[in-house]
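Each reported figure results from applying straightforward, stated rules to the coordinates on display, with no laboratory input. Model, not experiment: these values are computed from the prediction. Backbone-built Cβ (ideal geometry, glycine too); neighbour counts: all protein chains shown.
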Amino acid sequence: MTYETILTETRGAVTLITLNRPKSLNALNSQVLAELTDAFAQFEADASQRCAVLTGSGDKAFAAGADIKEMSDKPPADFYIEDFFSGWTADIVKKVRKPWIAAVNGFALGGGCELAMMADFILAADTAKFGQPEIKLGVAPGMGGSQRLTRAVGKSKAMEMCLTGRMMDAEEAERSGLVARIVPLADLVEDAMKTATTIAAMPPLAAMMNKEMVNTAFETTLDQGLIAERRMFQVLTATEDKAEGMAAFVEKRAGNWKGR
Ligand SMILES: CCCCCCCCCCCCC[C@H](O)CC(=O)SCCNC(=O)CCNC(=O)[C@H](O)C(C)(C)COP(=O)(O)OP(=O)(O)OC[C@H]1O[C@@H](n2cnc3c(N)ncnc32)[C@H](O)[C@@H]1OP(=O)(O)O
């Protein structure tokens with residue numbers, strides 16, 4: 001599938017998606033939203049693909065946010081009538097059950113930071129900068145920034161960032177728990193692809209359920225999360241891959257996963 005605003009390629013069981021609007025620092029417009037949603041749907045439907053990486057073209061930006069020029073022209077009522085931005089949660093966060101990584105190669109601001117936080121985890125280049133500067137435009141995060149950032153880094157830091165619009169560099173982002181690891185920019189995509197390849201080699205059902213468990217912890221109470229974890233563990237003990245995984249360990253060999 002070829003797109004205009006994103007690039008996609010597959011390397012083994014890993015899909016690499018690159019935001020590709022370098023002249024506007026990969027700003028996210030309606031076409032990006034449509035094409036990214038389609039690319040993730042293709043990834044989710046392709047049984048040969050088990051993990052994905054999302055990054056930005058160029059060395060300057062992952063995504064500098066929603067396309068301000070497009071937003072400034074949009075009739076205000078249309079945002080509400082069309083329930084704008086709801087597609088990101090429905091089509092990318094909820095429907096993509098396979099693991100995917102955000103490899104943040106530069107500015108991740110506004111919608112760019114929000115998109116990165118939809119990933120299962122973030123690998124940040126040492127040059128990456130994160131922020132929710134919407135207040136400077138007279139608005140506020142509109143795609144989960146105030147909710148996911150607060151859950152990821154805590155109220156004080158999220159509140160300061162939303163009220164001042166300041167950026168957080170990669171060191172602060174790692175220290176705050178927003179990103180899993182920092183990688184030199186030159187090595188970022190290869191490290192992310194290598195990490196994704198490791199995940200893609202895991203039993204696919206267990207990978208999906210580990211993702212679902214951690215996301216449940218991010219969104220519910222401890223008691224409900226413990227119940228969800230226990231039920232998914234119990235389901236996994238009934239799978240062929242559980243029998244294969246434990247037999248492979250005892251027989252000191254690699255597992256041959258069936259995905260069921
Ligand atoms: C109708 C709706 C459209 C979107 C639909 C699809 C959904 C998209 C995602 C939804 C997001 C939800 C809502 C979100 O919370 C709201 C936002 O994201 S608001 C935007 C927040 N981001 C910003 O405020 C950052 C703006 N950019 C900057 O501050 C600076 O560009 C920078 C990143 C600090 C870099 O500065 P410089 O190095 O000086 O580079 P330039 O500023 O000269 O930029 C180069 C070039 O890129 C253009 N550009 C940069 N950012 C954007 C942007 N966000 N939108 C559009 N264009 C952008 C900039 O204009 C320059 O272009 P040129 O002037 O050379 O033509």
Counting alpha carbon pairs within less than 8 Å and at least 6 residues apart, what relative contact order, in whole percent, applies to the chain?
16 percent
Test of the criteria: in segment 178-260, which GluC sites (Glu not before Pro) are in a DSSP loop and have at most 15 other Cβ atoms within 10 angstrom of their Cβ?
GLU251
Taking r as the C-beta separation of GLU244 and THR198 and R0 as 22 Å, the FRET efficiency to the nearest 0.05 is 0.75
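Could you sort out which of LYS129/LYS157; LYS23/LYS129; LYS194/LYS242; LYS60/LYS98 sit more than 23 Å apart by Cα distance in this structure?
LYS194/LYS242; LYS60/LYS98
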Any chance you could give the angle, 0 to 90 degrees and rounded to 10, that helix 222-236 forms with the longest Cα principal axis of the chain?
40 degrees
Taking every alpha carbon pair in the chain, what does the distance histogram look like in 10 angstrom bins from 0, in percent?
7, 29, 35, 20, 7, 1, 0
When the Cα centres of segment 161-195 and segment 50-110 are compared, how far apart do they sit, in Å?
17 Å
Over 25 Å apart: what share of the alpha carbon pairs of segment 110-260 falls there, rounded to a whole percent?
45 percent
Exposure proxy check: CYS113, CYS51, CYS162 ranked by fewest other beta carbons within 10 Å?
CYS162, CYS51, CYS113
